[in-house]
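Working notes for the structure below.
The values are calculated or read from the model by the stated rules, or taken from the named source; none is laboratory data. The model shown is predicted, which means the values in this text are computed figures rather than measured ones. Every residue, glycine among them, receives a Cβ derived from its backbone with ideal geometry; neighbour counts consider all protein chains shown. Surface areas here come from the heavy atoms of the whole protein model, side chains and all, with no ligands, DNA or RNA. Shrake-Rupley method; radii C 1.70, N 1.55, O 1.52, S 1.80 Å.
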Amino acid sequence: MNHYRAIFCMSYLLLYMSVARSRRSFQKYLQIRIAAILFYGDLCTRKMYGTALPHFGMFFLRMSMRVFISHIFFCFLLLLLCAAPAFSQKQGARLWGRVVVADGSPVEHASVALKNTRFGVVADGKGRYTLHAPAGEYTLVVSAIGYKTVERPLSLRGRQSLVVELEPDEKEIEEVTVVGKSVVRQVNESVFNVVAIDARPLHNTSMNLTHALDRISGVKIRETGGVGSRTQVALNGFSGRHVKMFMDGMPMEGFGAAFQLNNIPVNLAERIEVYKGVVPIELGADALGGAVNIVTRQLRSTYVDASYSYGSFNTHRSNLSVGHTAKSGLSLQLNAYQSYSDNSYRVKTKLLDLTTNTYSQEEYWFRRFHDNYRNEAVVGRVGVVRKPWADRLMLSLTLSQEKADIQNSNLMTIVYGGRKRSARSAIPSLHYEKQNLIVPNLHFSLTSTYSISRNNNIDTMARQYSWSGAYRQKTSKGEGSYSMSEYNNSNFSATANLRYRIAGSHYLSLNNLYSDFSRKASDAVANSETSTAATFMRRTNAKNVAGVSYKLQPSDRWSASVFAKRYDVLVRGPINISTTSTTVYEEQERSFSTEGYGIGATYRPLTSLHLKASFEKSYRLPSENELFGDESLETGDAGLKPESSQNLNLNLCYDKALSKAHAVYLDVGLIYRDTKDYIRRQVEQRYGGAYYTNHGRVRNLGFDVEARYFYRRASVGGNLTFQDIRNMEQYAVGGRKLIYYKDRMPNVPYLFANADASCNFYNPAGKGSVLSVTYNMRYIHSFFRSWESEGGDIIIPTQLSHDLTLTLSLRNGRYHVAAEVKNIADEALYDNYSLQKPGRSFMLKLRYFFFKQ
């Protein structure tokens, strides 16, 4: 401790001395200071453990988290305080802008140069570039693989902005070309087991974000019904809250039910990133099974994107996106969407005899009669871009609402005719990012949101329904559990990221995510008839995840990264302290703190071959629904323990153009998970309610494979996922040996696959038109609903479904018409036992897109 205090005092002295330093000497001083800290940490580690570590950054895994973060923050404090005079020092003229295509989409990594000079730059993944050169007369040359080169005269004076539009090179349309590293490709080539897909080709479809995710290897979307139904994202065997959802790097946990992946159209996304297992510190996640990050569209131009679709079961969807970015940097954006459906598809289930209160032995077909769903949302953004003090500063407000009938419980046989739920939410947020903040190579971003949502669950009818639509009167209120509950959720989240490049090949990053959730009954009158002692007890969940990482990238062929995380959580809520069948609740407070760590590396022995490996000791903190329930069909447990897991990922990727017309892609991933205190969702069989418990130890060993072949304008491919998730808890709490030891975890698919084929036909309806035909197939192997060794005889059957989409684009992408047919063979599809999904359905979508520089 005395040594630490001495270091702290010396830091203040060094800070005072550094104020008078020049910019160049400060940068050298900072690099020396950081190197000294790293050396100091290594010495501490050697002294503590008496061993020499083999790699430069391995001490991160063993040294004290708090001491290390204190030192690193000190270095960034020096950066912010001492380098301010250098902020605006620029010499000569400056040209900045973007390289785009006709619809405003960026051209990633285009070359921007002044002809016959040494001045030139490469645009970033968003098409942005900044070029410095002496004032004068030049010829500007902009080029990119797959596009026609543009040359134009340029009179460079002072500070100028210029947006350059490139046209596709039609000669290369007939060829398969390995293009430059787009943002999507850069994400895929990181040290993590991550898949990124470009969402823009899906904008002509009527799918939402969950259906877009369902096409990715290792990902399985589990839906409880039709439009607006609750969904779970299963990733490498882990589902629900094990997989964290983010939008532009912010956790979606507190966004409310009205603004989630199951009702957000894919048009709002630019790309989707799926991290399988190990998650980078930049997301600040306490994820166990992985994470999904939705990156929204951020066109910096004037544009209008409007669409409307209509389909089976009286389904309507519409979307409107407008935006304008002025030359001054002022940016305005508005996104609005709505969806409605009767969800009146047919299901096959047993019929309840209301007289005898018994179910039929046989199953019959019935049409859903109480499953209407509607959802509306508006997202407004205002801010500035391309300012000396901010690359992007945006304020936004999201307003959303949903109203839904509840047709059945978590078991299809239990049917309702009057239960309803509704939700409304307001989400103001702020996003700020700046590259080269104060000094070169220092990047900073800050995102914060505050979500307020009001939720209602109504179950007041004294009736019992059957699937025929008939009902009988009951002596007690409520079809399931009498409820008129109304409650408010509020959630504050803030994420800060600092990233600094040291001496070219060294990168240092800091992240901190703080979130604070609270729930309270908002209407004492509405809750008076159904309230219990626990109704008005406080329900709060505050957590903080801090992370630090070091990355070494000496060349494009290999890189390595080590990181550490600190988890802190404080939960307050009702706990059942009774030892009998009568519940007795007491408000209790519980806290948890621990550290995790990880390491990852990537190596490219050949241009077309990419190898990756990563390991993480991670924790997942229970979510709000797991702790407090949803006040409707799920019951929470505020006493749940956090999950811990050791995750290992190995990946091989082969991507090669065999000729100008042929290319192949292959990706193979191996996963290993050893999880303790696994949080498992179970369904109670009598009333169909769900609850959560800790399940001891679970092991997952599996793989996923994706293969794809490209030929000119066509492609065919698919993916296969196998995940062997076993119960490794041998004894029950009382010492009894469990019969289902080493059984597969029940109600979890372990083998599933997707396949697709697509082909584009150019100019079928005149110049500038494109006809696209896409086929998709999904396969799920049968799996047990309950433990196999306990005689589980209920099996969710093998399922195979087919989809077909035809899209016609006119006038270089201004007008679009898309026709879709899903589940062509009208198969009975299930993601959860007995909860049937829609049969064959049709959808027609009309879309208009206008773009102007």
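Worth pointing out:
- Pair list, Cβ under 7 Å, 6 or more apart: the stretch 588-611 residue farther than 30 Å from PHE628 by Cα, other residue of a type in the set (D, E, K, R) and part of a strand (DSSP E or B): GLY598/GLU616; GLY598/LYS617; THR602/LYS612; SER608/ASP655; SER608/LYS656; HIS610/ARG604
- Identification of strands (runs of 3 or more DSSP E) wholly contained in the stretch 286-405 with 2 or more residues that are closer than 30 Å to GLN723 by Cα yields 290-296, 346-353.
- Answer residue from the stretch 142-169, given it is over 24 Å from ASN812 (Cβ atoms) and over 34 Å from the mean Cα position of the chain (by Cα) and is surrounded by the most Cβ atoms within 10 Å (Cβ to Cβ) among those: LEU156
Matching residues to (1) part of a loop (DSSP other than H, G, I, E, B); (2) open to solvent by 60 Å² or more (accessible area, probe 1.4 Å); (3) at pLDDT 95 or above; (4) under 25 Å from THR231 (Cβ atoms):
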position: LEU806; (1), (2), (3), (4): no, yes, yes, no
position: ASN812; (1), (2), (3), (4): yes, yes, no, no
position: GLU820; (1), (2), (3), (4): no, no, yes, yes
position: ALA828; (1), (2), (3), (4): yes, no, no, yes
position: PHE849; (1), (2), (3), (4): no, no, no, no
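- A single member of TYR308, TYR345 is at pLDDT 95 or above and either over 28 Å from the mean Cα position of the chain (by Cα) or closer than 30 Å to ARG392 by Cα (or both), and it is TYR345.
- GLY218 crowded, with 23+ Cβ neighbours inside 10 Å, more than 13 Å from the chain's Cα centre (by Cα) and over 18 Å from LYS837 (Cβ atoms): yes
- Which numbered condition ASN576 fails, given (1) of a type outside the set (A, V, I, L, M, F, W, C); (2) within 26 Å of ARG604 (Cβ to Cβ); (3) modelled with pLDDT under 90: (2)
- Residues that are out of contact with any Phe, Trp or Tyr (no Cβ under 8 Å at 6 or more places or on another chain), farther than 19 Å from ARG386 by Cα and surrounded by 20 or more Cβ atoms within 10 Å (Cβ to Cβ) within the stretch 296-320 comprise just one, SER309.
Per-residue answers, yes or no, for (1) of a type outside the set (Gly, Ala, Ser); (2) in contact with a strand residue (DSSP E or B) (Cβ under 7 Å, 6 or more places away or on another chain):
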site	(1), (2)
ALA257	no, yes
ASN263	yes, yes
ILE272	yes, yes
LYS276	yes, yes
PRO280	yes, no
GLY284	no, yes
ALA291	no, yes
ILE294	yes, yes
ARG297	yes, yes
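- Of the residues making up the stretch 345-396, those that are in contact (Cβ under 8 Å) with a residue 12 or more places away in the chain, farther than 30 Å from ASN319 by Cα and in contact with a Leu (Cβ under 6 Å, 6 or more places away or on another chain) are TYR359, TYR364.
- Every pair of residues 6+ apart whose Cβ atoms lie under 6 Å, when the first sits in the stretch 263-278 and is farther than 10 Å from ILE294 by Cβ while the second is charged (D, E, K, R): VAL278/GLU616
- Residue that is nearest to SER481 (Cα to Cα) [pool: residues in the stretch 608-631 that are among the small types (Gly, Ala, Ser) and buried (at least 20 other Cβ atoms within 10 Å of the Cβ)]: GLY629
- Any strands (runs of 3 or more DSSP E) falling wholly within the stretch 710-788 and containing at least 2 residues that are under 17 Å from ARG697 (Cα atoms) and open to solvent by less than 30 Å² (accessible area, probe 1.4 Å): 714-727
- Of all residues in the stretch 267-291 being crowded, with 24+ Cβ neighbours inside 10 Å and among the β-branched types (Val, Ile, Thr), the one that is modelled with the highest pLDDT: ILE272
Per-residue answers, yes or no, for (1) within 22 Å of GLU643 (Cβ to Cβ); (2) modelled with pLDDT of 90 or more; (3) not charged (D, E, K, R):
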position	(1), (2), (3)
LYS656	no, no, no
HIS662	no, no, yes
VAL668	no, yes, yes
ILE679	yes, no, yes
ARG699	yes, yes, no
ALA714	no, yes, yes
GLY718	no, yes, yes
ARG726	yes, yes, no
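- Each residue in the stretch 370-407 was checked for being acidic (Asp, Glu) and surrounded by fewer than 19 Cβ atoms within 10 Å (Cβ to Cβ), and 1 of them qualify.
- Scanning the stretch 408-441 for residues that are part of a strand (DSSP E or B) and surrounded by fewer than 20 Cβ atoms within 10 Å (Cβ to Cβ) yields a count of 9.
- Flag if GLY791 is modelled with pLDDT under 85, farther than 25 Å from ASN408 by Cβ and of a type in the set (Gly, Ala, Ser): yes
- Residues that are open to solvent by 40 Å² or more (accessible area, probe 1.4 Å) and aliphatic (A, V, I, L, M) within the stretch 506-526 comprise ALA524, VAL525, listed in sequence order.
- Hits in the stretch 105-120 - residues which are in a loop (DSSP other than H, G, I, E, B) and modelled with pLDDT of 85 or more: LYS115
- So VAL243, is it closer than 30 Å to ALA828 by Cβ, under 13 Å from the mean Cα position of the chain (by Cα) and at pLDDT below 85: yes
- Criterion violated by ASP248 - all others in (1) modelled with pLDDT of 75 or more; (2) on the phi < 0 side of the Ramachandran plot; (3) touching a Ser or Thr at 6+ places or on another chain (Cβ under 8 Å) satisfied: (2)
- Residue count for the stretch 470-505 satisfying the condition of being open to solvent by 30 Å² or more (accessible area, probe 1.4 Å) and part of a loop (DSSP other than H, G, I, E, B): 10.
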